[in-house]
Amino acid sequence: ALVLTGAFPTVKAVLTAGSPFVNDALECGEALAPDPDTILRGKAVPKLHFAGETDAMVPVESTKRLCEEGGNGRLIVHEKGHLFPTKAAYVNEMLDFFATALNDDGKNDEAS
């Protein structure tokens, strides 16, 4: 939600594990944004969310909704609980995500 406010304008990517959808947080973020363009830029920031099938704290559906409502979110569901998965395939997904989101050639920069 803080990305929507423009408080962190240099954030280029967001990676979470077990993050819930909290409508009040998104509404607050949007209300604190200085203008609609800031919200759009925040929603455009690439986001990768991991959700665990056995997470007793945050249901997968909540994280799925976060992906849908928060903008530019991708969901990966893993077989564990409330944590970042450490199997090589998931770590490679994270590395690929950051490599794309944080590329040095300016493709993701709006100034280009």
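Read the figures in this text as sums done on the coordinates, not as results from a lab. What you see is a predicted model; the values in this text were computed from it and never measured. For neighbour counting, all protein chains shown are included, and Cβ atoms are generated from backbone atoms with ideal geometry for every residue, glycine included.
Inside region 21-38, residues that are in contact (Cβ under 8 Å) with a residue 40 or more places away in the chain and either exposed (fewer than 12 other Cβ atoms within 10 Å of the Cβ) or touching a Lys or Arg at 6+ places or on another chain (Cβ under 9 Å) (or both) make up a count of 2.
Filtered by the rule that a residue be closer than 16 Å to residue 29 by Cα and in a loop (DSSP other than H, G, I, E, B), region 40-71 gives 45, 71.
Restricting to region 49-73, give me the number of residues that are in contact with a Lys or Arg (Cβ under 7 Å, 6 or more places away or on another chain) and exposed (fewer than 15 other Cβ atoms within 10 Å of the Cβ). So the answer is 1.
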